[in-house]
Amino acid sequence: QGERCPTFQNRVDFEMEGPGVWRGGYNSGKIKSINNSYLDLECGINRVAIRSTLSEGQIVVRATSAGLRPAEATLISRPVKIEGGTTPSLPAMPIVKLSSQQAGAAMGINNSGILTSDFARPTIHHGKYLMNLSYSGPSKGVHIESDAEAGKTVYVDHDETFADMPQALCRSDWIQAAFADRLYSAVDLMEIPVPAHSVIYVAHDNRLDRPAWLRQQFEPTEMSLVVGGKPMKVYRRIVETERSFTLGSNTDQTQAEECNMYLVFINASPD
């Protein structure tokens, strides 16, 4: 009857369509209940999350549960202006009145009106083809580098350097990823806006199973990249029109400590 029933704790299955990334929810005390397309209610309610992408549009979420009428909710994702990887405008939020001291602290401004170093705007790295990058992993410093070539450092937190590189990857932009995040789990670890008439390559460690996001969005090539003496298979996707790519975890395996973090390269289209 449209009312909350606190004794109803059955499973609900969800479907989503549109320009979003399903982040799901979780059940308290249940192992592996995160990011699933289903969820148990708790005291008649629960909550799920969806992450927007850089594409605008309509996102529809549908929910079904045995014995109940199905329902759906529609969300509208609107574009925002992006400058240097961030937006200069705040999202629509409830207005909260702060004192001048509280407002200054929230902005990272000390009592002398000086922007403190902890809140200083980070240095933005731009490439020739890749201008922005969204990274949700725990390591800091992941950024865009230009002109990939032998001798350059592969990761932000590791001394390994590129050896011989396939010609297609030379002089490309690449994301200097964090080696430490090779086992971090996230369905949207990277969000990459790729320009038209370019090609995106992903080098993935041969010791790992290929994650679903890699198999579904990219095709294998005959190329390999050797990092730390270990071969990494190169996948690619030719981009005809500007679009955003969501890349997930390096691996779904739980026992895979001996591996490299995947690498992403963007270059001009060979056509």
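The values are calculated or read from the model by the stated rules, or taken from the named source; none is laboratory data. Note that the coordinates shown come from a computational prediction; the quantities given were computed from them, not determined experimentally. So basically every Cβ, Gly included, is an ideal-geometry build from the backbone, and we count neighbours across all protein chains shown. For accessibility, only protein heavy atoms count, side chains too; no ligands or nucleic acids. Shrake-Rupley method; radii C 1.70, N 1.55, O 1.52, S 1.80 Å.
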Check your understanding: Which one of GLN1, GLY18, ILE45 is farthest out on the positive end of the charge dipole of segment 1-49, using unit charges on Cβ (Lys, Arg +1; Asp, Glu -1) and the Cα centre as origin?
Key -> ILE45
Revision key, fill the gap. Neighbours of ASN27 by Cβ distance under 13 Å: Lys/Arg at +1, Asp/Glu at -1, summed charge +2
Check your understanding: How far apart, in nm, are two points set 7 Å out from the Cα along the Cα-to-Cβ line at GLN9 and at LYS152?
Key -> 5.4
Exercise for review: Could you tell me whether segment 141-196 comes out rounded, prolate or oblate from its Cα gyration tensor? Rule is a ≥ b ≥ c as square roots of the eigenvalues, rounded for a/c under 1.5, then prolate if a/b exceeds b/c, otherwise oblate.
Suggested key: oblate
**Study point:** Charge dipole (debye, nearest 20) of the chain; +1 at Cβ of Lys and Arg, -1 at Cβ of Asp and Glu
**Key:** 740
**Study point:** Carbon and sulfur %, accessible surface of the chain computed with the full protein complex present, 1.4 Å
**Key:** 51
Practice item. Just subtract the alpha-carbon distance of ALA268 and ARG23 from 0.36 nm times their residue separation and send over the number in nm, one decimal. Key: 85.0 nm
Practice item. Enter the per residue convex hull volume of segment 180-232, computed from alpha-carbon coordinates, in Å³ rounded to the nearest integer. Key: 118
Check your understanding: Any idea how far apart THR161 and GLU42 come out in nm if each label point goes 7 Å out from Cα toward Cβ?
Key -> 5.1
Review point. What is the magnitude of the charge dipole of segment 207-256 about its Cα centre, with +1 placed on the Cβ of each Lys and Arg, -1 on the Cβ of each Asp and Glu, and no other charges, expressed in debye to the nearest 20?
Key: 160
Check your understanding: Straight-line reach from LYS128: which lysines have Cα under 29 Å away, leaving out those fewer than 8 places along the same chain?
Key -> LYS81, LYS140, LYS152, LYS230, LYS233
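What FRET efficiency comes out for ARG69 versus ALA92 if R0 is 35 angstrom and r is the Cβ-Cβ distance? Round to the nearest 0.05. Before the final figure, lay out each step's value.
Working: r = 31 Å, r/R0 = 0.89.
Rounded to the nearest 0.05, the efficiency is 0.65.
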Check your understanding: Of the labelled options (1) 1.06; (2) 0.97; (3) 1.18, which one gives Cα Rg over 2.2 N^0.38 Å as computed for this structure?
Key -> (3)
Practice item. Can you tell me the FRET efficiency between ASN206 and SER139 if r is taken as the Cβ-Cβ distance and R0 is 22 Å, rounded to the nearest 0.05? Key: 0.40
Practice item. Only Cα pairs under 8 Å and at least 6 apart count here; give the relative contact order of the chain as a rounded whole percent. Key: 15
Point to revise | Å² of accessible area per residue within the chain, as computed with a 1.4 Å probe and no ligands counted | key: 60
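Fully extended, how many nm does the chain gain between LYS30 and SER55 (0.36 nm per residue separation, minus their Cα-Cα distance)?
So the extension gain works out to 5.7 nm.
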Exercise for review: Please give the contour-minus-distance gain from ILE76 to ARG243: 0.36 nm per residue of separation, less the Cα-Cα distance, rounded to one decimal in nm.
Suggested key: 58.3 nm
Practice item. Report, in deg cm²/dmol and to the nearest 500, the calculated mean residue ellipticity at 222 nm for the chain, where each DSSP H run with n ≥ 4 adds -39500 (n - 2.57) and the sum is divided by the residue count. Key: -1500 deg cm²/dmol
